[in-house]
Amino acid sequence: MKKKWMKNLIVLSVIVLIFAGCAKKNDLDTLLTYMDSNGMTVKELFDGWIINTEDVHDNMASYYLMDIRGADKDKNGIIDYDDGHITGAVLTSLSTILNDAEKAGENTIVVVCYTGQAAGHAVMALRLSGYDNAKVLKWGMSGWNGDFDLWTKNCGQIESENWVAEPVAENTGFKYIQLECDATEGKEMLAERVNVMLNGEFKGIGADKVLNNPSNYFVNNYWEEDDVDKYGHIETAYRIKPLDLQNLGPDKTIVTYCWTGQTSSMVTAYLTVLGYDATSLKYGANSMIYDMLESQKWSASKDYDYEITGK
């Protein structure tokens, strides 16, 4: 009788453990509920997120400029910020930008990077951290002055059999990823996930790599339907705009591409915060079909003054 009782107890314990595993709470649900209830829906996060160079130049006193160019890309022994930055801009980085932003006061924060792409990660983090009017400087320092132009050499036409004219793949329902946070409340979960994103690096991928093997990725063409019909798209791509998590496949790296890589950086940062393996196609359509584009394309730098602090 005792053996039978022990056997039943073991079976019951196994059932309880299985049920507990199946019923495990997905922290993504808690995180999304908190974000949606606090003005952080995708629509709200993408409201007025980018600003033209002219607007900044003509109203400098209205903005707190934060420059994240702390690398030395030209290998001259001087960080790129010191090689030249907008007068008044402060040097920061992705990992420190939230602390540094506390000095902005009531001014609108504008984040400056090389091309307007990496800044999307910083601005998404700021907007998710209470700085809901933070903005990306469009085209970055490349747009401010031609001395910093990285855009021109990265625009081009790539001939590939994997750029096609057929309709995009049909969206189908996917399960949300399973997100686990150390924190248990929505506010703390969000702060935890934002820090995870900021303590990484700008997540970008070259067009050649995606075009050569598009089936290796979950590709999201972040355009309007009319634009896809007009220009075509990467083979296997979906078109998920507005962004709907139920239409994102969680089993592959999600590559989002837009026109310039600036919007897709924001999307990538947002998805990374939610726990997705996501990356942005660098320079967007400008790097693949520049000659075909009738709008949404790089043109030329301004000739605005800048300050040099390096030696």
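Side notes on the structure shown:
- For the chain, a crude dipole built from +1 on the beta carbon of Lys and Arg and -1 on the beta carbon of Asp and Glu, taken about the Cα centre, is about 1860 debye to the nearest 20.
- On Cα atoms only, tilt of 186-198 relative to the major axis of the chain in degrees: 50
- Counting other Cβ atoms within 10 Å as a rough exposure proxy, the listed residues LEU198, LEU245, LEU211 run LEU245, LEU211, LEU198 from fewest neighbours to most.
- Taken over the stretch 197-311, the percentage of Cα pairs per 5 Å bin, counting from 0 up to the bin with the maximum distance, is 2, 11, 21, 22, 17, 11, 7, 4, 3, 1, 0.
- The phi torsions of the stretch 268-282, fed into the Karplus equation with coefficients 6.51, -1.76 and 1.60 and a -60° offset, translate into couplings of 4, 4, 4, 5, 5, 4, 7, x, 7, 7, 9, 8, 10, 6, 5 Hz, rounded to whole numbers, with Gly and Pro shown as x.
- Nearby aspartates and glutamates by direct alpha-carbon distance to LYS25 (threshold 16 angstrom, same-chain neighbours under 8 apart not counted): GLU180, ASP182, GLU185
- Summing +1 for each Lys or Arg and -1 for each Asp or Glu among the other residues whose beta-carbon sits under 9 angstrom from that of THR92 gives -2.
- For the stretch 42-150, a simple Cβ point-charge model (Lys and Arg +1, Asp and Glu -1, everything else neutral) yields a dipole of about 300 debye relative to the Cα centre.
- Note on the stretch 42-150: dipole from Cβ charges, positive end direction compared against ASN107, LEU91, VAL136; the farthest Cα belongs to VAL136.
- Under the convention that each Lys and Arg Cβ holds +1 and each Asp and Glu Cβ holds -1, the size of the dipole of the stretch 152-289 around its Cα centre is about 340 debye.
- Label-point gap, in nm, between ALA71 and GLU294 - each point 7 angstrom along Cα→Cβ: 3.6
- Distance between the stretch 207-279 and the stretch 71-87 - C-alpha centres, whole angstrom: 32
- Highest-fluctuation residue, ALA165, ALA89, ALA119 considered, GNM on the chain with Cα pairs under 10 Å: ALA165
- Checked against a 31 Å cut-off, the cross-linked pairs LYS73/LYS175; LYS135/LYS241; LYS73/LYS297; LYS43/LYS153 give Cα-Cα distances beyond that limit for LYS73/LYS175; LYS43/LYS153.
- Here the chain yields Rg over Rh of 1.07, to two decimals, using C-alpha coordinates and the Kirkwood radius.
- Ordering GLU44, GLU159 by the number of other Cβ atoms within 10 Å of each residue's own Cβ, fewest first, gives GLU159, GLU44.
Rule-based calculations on the coordinates, nothing more; no lab input. In this text the structure is predicted, and so the values were computed from the model without any measurement. Positions of Cβ are generated from backbone atoms using ideal geometry, with glycine treated the same way; all protein chains shown enter the neighbour counts.
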